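Okay, structure first, notes after.
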Amino acid sequence: MTAVLRAEGLGKRYRRRWALSDCTLKIPAGHVTGLVGPNGAGKTTLLSLAVGLLAPTAGTIEVCGGRPAADAAQLAKVGFVAQDTPTYPGLSIADHLRLGARTNPRWDDAVARSRVERLGLDPAQKAGRLSGGQRAQLALTLGLAKRPELLILDEPVASLDPLARREFLQVLMEAVAEHEVSVLLSSHVVSDLERVCDHLVVLVDSQVRVEGDVESLLESHLRLTGPRREPATLPAGQHVVSASHTDRQSTLVVRTDAPVLDPSWTVGRLGLEDLVLAYMEGTRAVAPGPVMEVLR
Amino acid sequence: MIWLTWRQFRAQAAAVAAVAVAFAIVLAATGPRLADIAATYRDVFDHLTANDRHLFYTGIVVMAVAPVIIGVFWGAPLVARELEAGTHRLAWTQSVTRTRWLATKLGVTALAAAAAVGLLTFAVTWWSQPLDAALSSTHGSLPSRLTPVSFAMRGVVPVGYAVFAVVLGATVGAVFRRTLPAMAVTLAVVIFVQIAVPTWIRAHLAPTAEQTVMFDRERLDGISIGDTGPGSPLRMTVNTGGVGNWVLSNQTVDASGRATDLPSWFGACLPAPPAPGTTEGPVKVQGPDTMDACFQRLNAEGYRQHLVYQPARNFWPLQWAELALYLAVSGLLAGFCFWWTRRRLS
C-alpha cells in the first residue's frame, strides 16, 4: 500500500496550546479518505500541516513522498481547498482560472473551462458576488484543474445548504472518477462523508481512533443488545468501542472479525454515522470531550 | 505570479500614476518659463509670481506625502490583506513557493513605488533647478535645496523613501496580520523616520565645514531675543557668505573659543527694535553706523561667530549617502520580512 500521507508523532503547538499532538497516521493512495472528528479535534491543523501552510512543532509529515510545501514541485503535487473556500473578491472567475494557469505547471485549462461552463457560471463575474456554493465550486475547480496527486479539502461543504452540499460532493465524485486523484476530505458531518468516502479516519483529541476501509469497518463493527453485562466479560477478539447500560440492558458497540455466537445478544449492524459516534462516545466515557455535531 | 500581483495592484497603481503624471505635466508646462526667468535675470525671486511660489511648495508637499501614501496604501495591505481575508491559503497552495510569492509582490510594488516617486522627483528637481543657483540658505525667499525641507523633495532620496515605506508597510503588515493597524503603524513610523533622519542623521552623512567669522553687517542674518523671557540675552545669527549652505550650528563664541551669549552691553548698544515688546523672531537691522560701532566693539573684545554647516557642494554626496542608507535599511527589513513570512506565518 503506497501512502499518500504519512505522519509520525506529528504535533503543532500554538503558543501554549497543542492543537495537534503525537498524531501518527498513514493514508493510502487512490482513495477518497474522510477525516472526521469533532470540532477542535485538530482536523484543520492536520490538513494545514499536510499542505505546508503550517510547519510542525514536533514529529514529521510526508505528503506524496515529500515535505509539504518544500518547493514548487511539491506544491504542484497537492491541491487544497481551504476552509470557507477563500477567493479574491475583486477578481473574476476568469481571473481565478488565469491565476491557476499561471501558477501551476500541470494546469488543465480545458478541465477548468468546461467545469465553469457546466456549473453555469459567468466567467466575467467577480468572485465576491458569488454565492457560498458557487465560491466553493470555484475553489474546487481551481483545486482539480491543478491536476494534483492529492486533493485536500478542509470542511468544503460546512457552510453550504443541503442542496449545494449534495451538488458539490457529486461534482467532486465525478471529478475523482475522471482524474484518478487521491482525495483527503475533512468534515464533522458524517452523512456527507458517507456518500463519498471509501476510507475513513476518525480523529478525536488529535489521536487517530480508528482508520480503515469504510466497507470493512462497517462489516467488523456490530451493535450488541442484551441483558446487562459487564463489557470485560466479552470473549477475546471482541473489542468494545462504546458501551451504554440501563438497569437491565446493555448496548455495546464492538469491533470483531469473527461472528458473534453468544445467543443472549441481539446483533445489529451500524451505519457509518453510528460507528463514528460510537468512537466519539467511547472517548467521552474516558474523559468528557467535545460533542459530535450531528447534521443531516 | 507577476500577473497576479499586477492584477491585484493595478487599480491602486493607476490612481497613484495618474496623480504623478498629472503633477509632472503641470511642472513640465510651467518649468520652461522659470528657466527663462533664471536665464534673463540675476534676481530670480523678484520675478516669481505667487503661482510659482505655490507650485514650489506644492512640490514639497507632494514629495513629502507621496512616500507616506505609498507605504500606507501599497505596502501595509500587501501581505496583511491576504492574511486578513484568508486568501493566502489560496495563494500559498498554488505551485509557487511563499518566498517567490513575496519576492514578486514586494518586488513589483517596490519597483512601481520607485518609478512613481522617481518620476515625481525628477519633475520637481528639474522644475526647481533654475532657482537653486539663485538661492541662499537664508537670504533667498524660498528654501534652498540643502535645507531639510527641500533636500528630501529633490534628487534621488525620495526613491529611497518610497522603497523603504513599501518594505516597511509589508513587514509591519506581515507581523500585525491586520490591514488597518498595519497602516496606522506604517504611517507613524514613516513620519517618525522622515523627521528623525534630517534631525539627527543626515548632517553626519558627509563631512561638515566650519567657519569662525568676525562680525560685520554683511554677514549678519539676524539678532533675536532669547526665549527665556524679557531680559534674556540676545542671540545673533550670521550667514556663511556662500549660497545654499545648510547651517547646522550658529554660535557666538568668546575669545577662548567657548560658546557664549552676547555680552549684556550689546543690547543697549543696538538701536531700538521696531516693535518693542516682541520677544520672538529676528529683528530687522537698522541704524548702520551704530551697528558698525557695536560690531567693532564685539570684535575687539574677541567675540566671534562659529558656524558649522554642510556646504552646498555636498548636495549630491548627501543625496547618494542618504539613498544608500534607506536602501540598506530596506534590504534588512525585507530580509526580516522574508524570514517572518517563511517561518512565522501560517
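Ordering A:His179, A:Ala232, A:Leu203 by Cα displacement along the dipole of chain A toward the positive end leaves A:Leu203 in first place; charges were set at the Cβ atoms of Lys, Arg (+1) and Asp, Glu (-1).
Expressed as a whole percent, the accessible area of chain A that falls on carbon and sulfur atoms is 49 (1.4 Å probe).
For the segment A:79-88, counting C-beta atoms of other chains within 10 Å of every residue's C-beta and taking the mean gives 5.
What the Cα convex hull of chain B gives, in volume per residue, is 160 Å³. Summed over qualifying helices (DSSP H, 4 residues or more, each -39500 (n - 2.57)) and divided by its residue number, chain B shows a 222 nm mean residue ellipticity of -19500 deg cm²/dmol. A:Asp213: net charge of surrounding residues, Cβ under 10 Å, Lys/Arg +1, Asp/Glu -1, itself excluded? Cβ neighbours under 10 Å give a net charge of -4. Charge tally for B:Ile195 (other residues, Cβ to Cβ under 15 Å; Lys, Arg +1; Asp, Glu -1): 0.
For chain A, the alpha-carbon radius of gyration amounts to 1.09 times the rule-of-thumb value 2.2 N^0.38 Å expected for a compact globular protein.
For the protein assembly as shown, a Kirkwood hydrodynamic radius built from all Cα pairs, placed in the Stokes-Einstein relation at 37 °C and 0.692 mPa s, yields a translational diffusion coefficient of 107 µm²/s.
Within 10 Å of the Cβ of each residue in B:81-92, the mean number of Cβ atoms contributed by other protein chains is 5. Taking Cβ separations below 4.7 Å as the criterion for a possible disulfide partner, the isolated cysteines in the protein assembly as shown are A:Cys23, A:Cys64, A:Cys197, B:Cys337. The residue list A:Tyr279, A:Ile27, A:Leu140 was ranked by how far each Cα lies along the charge dipole of chain A toward its positive end, using unit charges on Cβ atoms, and A:Leu140 comes out on top.
Listed by chain and number, the aspartates and glutamates whose alpha-carbon sits under 20 Å from that of A:Lys126, ignoring those within fewer than 8 places in the same chain, are A:Asp84, A:Asp95, A:Asp109, A:Glu117, B:Glu82, B:Glu84.
What residues of the stretch B:4-33 lose no less than 20 Å² of accessible area with every protein chain in place versus their chain by itself (probe 1.4 Å, heavy atoms only)? SASA drop of 20 Å² or more in the stretch B:4-33: B:Leu4, B:Arg7, B:Gln8. Here the protein assembly as shown is treated with +1 on each Lys and Arg Cβ and -1 on each Asp and Glu Cβ, and its dipole about the Cα centre works out to around 300 debye. Computed on protein heavy atoms with a 1.4 Å probe, the accessible areas place A:Lys43, A:Lys26 in the order A:Lys26, A:Lys43, largest first.
Scanning chain A for GluC sites (Glu not before Pro) in DSSP loops with at most 13 neighbouring Cβ atoms within 10 Å leaves A:1-179 as the longest stretch between them. Local charge for A:Pro259 was computed over the other residues whose Cβ lies under 15 Å away, with Lys and Arg +1 and Asp and Glu -1, and equals 0. Inside 10 Å of the C-beta atoms of A:54-62, what's the mean count of C-beta atoms belonging to other chains? The per-residue average across the peptide is 1. Sequentially through the stretch A:214-223, phi angles give Karplus couplings (6.51, -1.76, 1.60; θ = phi - 60°) of 4, 4, 6, 5, 5, 6, 8, 10, 10, 9 Hz, Gly and Pro residues having no value and appearing as x. Across the options B:Ile25, B:Tyr326, B:Thr199, the greatest Cα extent toward the positive end of the charge dipole of chain B (unit charges at beta carbon of Lys, Arg, Asp, Glu) belongs to B:Tyr326.
Could you give P(r) for the stretch B:1-138, binned at 10 Å from zero, as whole percent values over all Cα-Cα pairs? P(r) for the stretch B:1-138, in whole percents per bin: 11, 34, 23, 16, 11, 5, 1. With an a/c value of 1.5 or above and a/b not larger than b/c for the gyration tensor axes a ≥ b ≥ c computed over the alpha-carbon atoms, the stretch A:87-194 is described as oblate.
The values are calculated or read from the model by the stated rules, or taken from the named source; none is laboratory data. Nothing here was measured: the structure is a model prediction, and the numbers come from that model. Neighbour counts are summed over all protein chains in view; Cβ atoms, including those assigned to glycine, are modelled from backbone coordinates with ideal geometry. The accessibility values were calculated without ligands, DNA or RNA, using every heavy atom of the protein model including side chains. Shrake-Rupley method; radii C 1.70, N 1.55, O 1.52, S 1.80 Å.
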